[in-house]
Amino acid sequence: MPRTLSELTFDDTFVRTLPGEVPPPALARRSRDVPHAAWAAVDPTPVPAPRLLAYSPEAAALLGLEGTPDPGEAAAVLSGNRRLPGMRPYAARYGGHQFGHWAGQLGDGRAITLGEVVGAGGPGTRGGQRWEVQLKGAGPTAFSRRSDGRAVLRSSLREFLCSEAMFHLGVPTTRALALVDTGEPVVRDMFYDGHPRAEPGAIVTRLAPTFVRLGHFEILAERGEHTLGRTLAGWLLTHHFPELGTVCTDDALVGLFETTVARTARMVSDWMHVGFVHGVMNTDNLSVLGITIDYGPYGFTDVYDPDFTPNTTDFQSRRYRYGHQPAVAHWNLYRFAMALAPLITDPARLEPGLSAFVTHFEDHWRARMARRLGLTLDWTDPGDAALVKDLLALLTAVETDPAIFFRRLIDATATPAGRSGDAERVRLFDPAYYDPSARPADDGDVRARLQGFLDRHRARFDDPRETTPADVRRAGMRAASPAVLPRNYLAQEAIDAAERGDLQPLERLLDVCRRPYEDPADARYTARRPEWARDKAGCSALSCSS
Ligand code: AMP
Ligand code: MG
């Protein structure tokens, strides 16, 4: 068992199996087109004063690392300053559709993969699982275009925090091992208003079985590099979908596509239920493994609103708004099908898989909604279907915090039934409502709608059709509706403190995010977004600047 980072054994199947470019040193960090290659070799650019800010023991355990890290070693290795034996650092080549338009070659402009570690397994993973270890913010690569290859502390902390929080929420995701301060300022124009300023720079160490995106295949299809497309598919099958076969046959490719579709549908269904809005669902930001990748201007629905768009850069078209995510995922998978089509004798074979997205999504979404309501919903029953429809309408009627609403619904099933419990039950929901004058206790109209929904839900909850005991169903409700979310304003508080040198708010937030389905002792973490945070930068919406 490795005890320290330097005892890890690094492998390099991606670099070994796939064609890449090993440029002369003078060219390595220069932006360029990299045809006929899956990667371009590049070393992280050293940083002046790396310092370990945060570390995830749960992510470390995936690599077989236990206990607290040596901060000096972690800072040196996870900043890219110290290269360990077996590492063959590279930036991957991919393309993508950004905001619906083909953007050409993109690639890892600031992420550098150090190598692959064969891990120890861990919760939800197979023993012997391979983990790609990648530094984000490690300096320029062939794919940096006109940018600096760096990342600021605020966006890196958000990625570190949210990756781990999403894992604990049970949402498929890339992981974050560490957050390192580089000691080197990075200049960003955060509001895109011509006022750039120097901010602390940072690097996140990310882990994923692979960071291959839909865009990896798109660039190869677009450039007619079909042989490389087949080699990439073969590598992916061998290492990540061995159950589909290791040779790039039509059957295996169709299976790969269908698996990606099914997993993406499940992932987006989870996003919808925990209220996660990715913010930049470009095809280069969607993983072929169906795991959440590239945390940027994301947000959680503090207010239930299908139009909620956390990315200010997307305010005009709201393409990546909360309620549009399933449709966008489907569209992205259509682009993925188009990219796989040249590799398949009969591309029409991809069509059923693409259509199946809708059923996969609906199945997952409905099953979880049933758990959240504590009911075995019968979707062919008009009463059950109307109950859910009316619930969603109720949530949009006035500004409502959906997380709090669903947690209170659990308590509501345990209040006395009938008239005597009415007032008590309605009051339970007060904390979910933003506008004091629109709270059910004070607004007759809202109260009547809420009361009506609660009566119907309660009647259904106590219905003899439900054969599972009520307390077991309540436990199921708790396990399906998170109490704690890494809301943007909480992340921003952790960022403001970290920029002042105080890491405690981050540690405390990360700690409650480890048990998101339990009520933490500190009620602050389960409260709705405070009013001061409504329009404050970073607290509900934020720009792409990172
Ligand atoms: P995103 O939409 O943030 O995932 O980024 C889109 C593309 O821009 C990817 O190819 C990134 O690697 C690249 N990129 C973003 N920020 C930077 C940066 N500061 N330096 C170099 N490349 C970047
Ligand atoms: Mg990206």
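The values are calculated or read from the model by the stated rules, or taken from the named source; none is laboratory data. Since the model is a prediction, treat every value here as computed from it, not as a measurement. Cβ placement follows ideal geometry from the backbone for every residue including glycine, while neighbour counts extend to all protein chains displayed. In case anyone asks, the SASA skips ligands and DNA or RNA and just uses the protein heavy atoms, side chains included. Shrake-Rupley method; radii C 1.70, N 1.55, O 1.52, S 1.80 Å.
With N set to the residue count of the range 54-126, report its C-alpha Rg divided by 2.2 N^0.38 Å to two decimal places.
Numbers: Rg = 16.1 Å, N = 73, 2.2 N^0.38 = 11.2 Å.
Dividing the Cα radius of gyration by 2.2 N^0.38 Å gives 1.43.
With θ taken as phi - 60° and the coefficients 6.51, -1.76 and 1.60, list the Karplus ³J(HN,Hα) couplings across the range 19-30 in order, rounded to whole Hz; mark glycine and proline as x.
So the J values, rounded to whole Hz, are x, x, 10, 10, x, x, x, 5, 9, 3, 9, 8.
Using modelled backbone amide H atoms (1.01 Å from N, in-plane), which distant-in-sequence or interchain residues come within less than 5 Å of Trp39's amide H?
So Trp39 has HN proximity to Glu21, Arg93.
So what is the relative contact order of the range 377-467, in percent, for Cα pairs below 8 Å that sit 6 or more residues apart? Walk me through the numbers on the way to the answer.
On the way: 66 pairs, mean separation 24.8, N = 91.
Relative CO of the range 377-467 lands at 27 percent.
In the chain, what percent of the accessible surface is made up of carbon and sulfur (1.4 Å probe, ligands and nucleic acids excluded)? It would help to have the intermediate numbers written out before the result.
Working: 11100 of 20860 Å².
Answer for the chain is 53 percent, counting heavy atoms of protein chains only.
For the pair Asp251/Arg197, report the inter-label distance in nm, with labels modelled 7 Å from Cα in the Cβ direction.
According to this spin-label approximation, the distance is 6.1 nm.
Based on the inverse mean of 1/r over its pairs of different Cα atoms, what is the Kirkwood hydrodynamic radius of the range 442-519, in Å?
After inverting the mean inverse Cα-Cα distance, the result is 15.9 Å.
Find how much the distance from Ala61 to Asp378 grows on full extension, using 0.36 nm per residue of separation minus their present alpha carbon separation; answer in nm with one decimal.
Working: separation 317, 0.36 × 317 = 114.12 nm, distance 4.12 nm.
So the chain would gain 110.0 nm between Ala61 and Asp378.
Can you run phi through the Karplus equation (6.51, -1.76, 1.60; θ = phi - 60°) for the range 277-287 and list ³J(HN,Hα) in whole Hz, with x for Gly and Pro?
10, 5, x, 9, 7, 6, 5, 7, 10, 10, 7
Can you figure out the FRET efficiency of Ala470 with Val187, using R₀ = 51 Å and their beta-carbon distance, to the nearest 0.05? Walk me through the intermediate numbers first.
Values: r = 58 Å, r/R0 = 1.13.
Using R0 = 51 Å, I get an efficiency of 0.30.
If you take every DSSP beta bridge whose two residues both sit in the range 5-211, what share of them, in percent to the nearest 5, is antiparallel? Spell out each step's value before the answer.
Numbers: 36 of 38 bridges.
Counting only bridges with both partners in the range 5-211, antiparallel ones make up about 95 percent.
With viscosity set to 1.002 mPa s and temperature to 20 °C, compute the Stokes-Einstein D of the range 216-363, Rh being the Kirkwood radius across alpha carbon pairs; µm²/s, no decimals. Numbers along the way, then the final one.
Numbers: Rh = 15.9 Å.
D, rounded to a whole number, is 135 µm²/s.
Give me the accessible area per residue for the chain, probe 1.4 Å, as a whole number in Å². It would help to have the intermediate numbers written out before the result.
On the way: 20860 Å² over 546 residues.
About 38 Å² of surface per residue is accessible.
Amide H to amide H, which residues 5 or more places from Thr292 or on other chains are under 5 Å from it, using H placed in the peptide plane?
Residues meeting the amide H criterion: Thr173, Thr174.
Give, as a single signed number, the net charge of other residues whose beta carbon lies under 12 Å from the beta carbon of Gly290, with Lys and Arg counted +1 and Asp and Glu -1.
Details: positive: Arg213, Arg263, Arg266; negative: Glu258, Asp270.
Once all neighbours under 12 Å are counted, the net charge is +1.
How high is the relative contact order of the range 216-363, in percent, with contacts defined as C-alpha pairs under 8 Å that are six or more residues apart?
On the way: 197 pairs, mean separation 43.0, N = 148.
Worked out over the range 216-363, it gives 29 percent.
Can you give the Rg to Rh ratio of the range 102-194, both from alpha-carbon atoms, with Rh computed by the Kirkwood formula? Can you show the working numbers first?
Working: Rg = 15.6 Å, Rh = 15.3 Å.
Here the Rg-to-Rh quotient is 1.02.
Note the full-extension length gain between Trp102 and Asp390 as 0.36 nm times their separation in residues minus their Cα-Cα distance, in nm to one decimal. Working shown, then result.
On the way: separation 288, 0.36 × 288 = 103.68 nm, distance 3.91 nm.
Extra length available between Trp102 and Asp390 comes to 99.8 nm.
Once the piece of chain linking His226 and Asp502 is laid out straight, how much longer is it, given 0.36 nm per residue of separation minus the C-alpha distance between them?
Answer, rounded to one decimal: 94.3 nm.
So for the range 412-516, averaging the separation of alpha carbon pairs under 8 Å that are six or more residues apart and normalising by length, what relative contact order in percent results?
Working: 59 pairs, mean separation 16.9, N = 105.
Averaging sequence separation for qualifying contacts and normalising by length gives 16 percent for the range 412-516.
Could the peptides 176-188, 464-476 be put in order, highest first, of the mean number of other beta-carbon atoms found within 10 Å of their residues? It would help to have the intermediate numbers written out before the result.
On the way: 176-188: 22.8, 464-476: 12.2.
The most tightly packed comes first, giving 176-188, 464-476.
Be a star and scan the range 461-504 for residues whose amide nitrogen sits under 14 Å from the point 7 Å along the Cα-to-Cβ vector of Glu518.
Answer for this model: 479, 483-484.
State which helices in the chain qualify, where a helix is a whole DSSP H run, it must extend 27 Å or more along its own axis by its Cα atoms, and its mean Kyte-Doolittle hydropathy must be at least -1.0.
Numbers: long enough: 250-274 (36 Å, 0.24); 351-373 (34 Å, -0.63).
Passing helices, by number: 250-274, 351-373.
Taking Cα atoms of the range 196-264, Rg/Rh with Kirkwood Rh, to two decimals?
Details: Rg = 16.1 Å, Rh = 13.9 Å.
Rounded to two decimals, Rg/Rh equals 1.15.
When only alpha-carbon atoms are used, what values of Rg and Dmax, in angstrom, describe the range 285-345?
Spelled out, the Cα radius of gyration and Dmax of the range 285-345 are 14.0, 48 Å.
Once amide H atoms are placed 1.01 Å from N in the peptide plane, what residues at a sequence separation of 5 or more from Phe308, or on another chain, have their amide H within under 5 Å of its amide H?
Tyr322, Gly323
Can you work out ³J(HN,Hα) from phi for every residue in the range 375-380, in order, using Karplus 6.51 cos²θ - 1.76 cosθ + 1.60 and θ = phi - 60°, giving whole Hz and x for Gly and Pro?
For the range 375-380, the Karplus curve yields 10, 8, 5, 9, 6, 8 Hz.
Express the Stokes-Einstein translational diffusion coefficient of the chain in µm² s⁻¹, to the nearest whole number, given a Kirkwood radius over alpha-carbon pairs, 37 °C and a viscosity of 0.692 mPa s.
Working: Rh = 24.4 Å.
Value of D from the Cα-based Kirkwood radius: 134 µm²/s.
Expressed as cubic angstrom per residue, what is the convex hull volume of the alpha carbon set of the range 387-454?
Considering the Cα atoms of the range 387-454, their hull volume per residue is 77 Å³.
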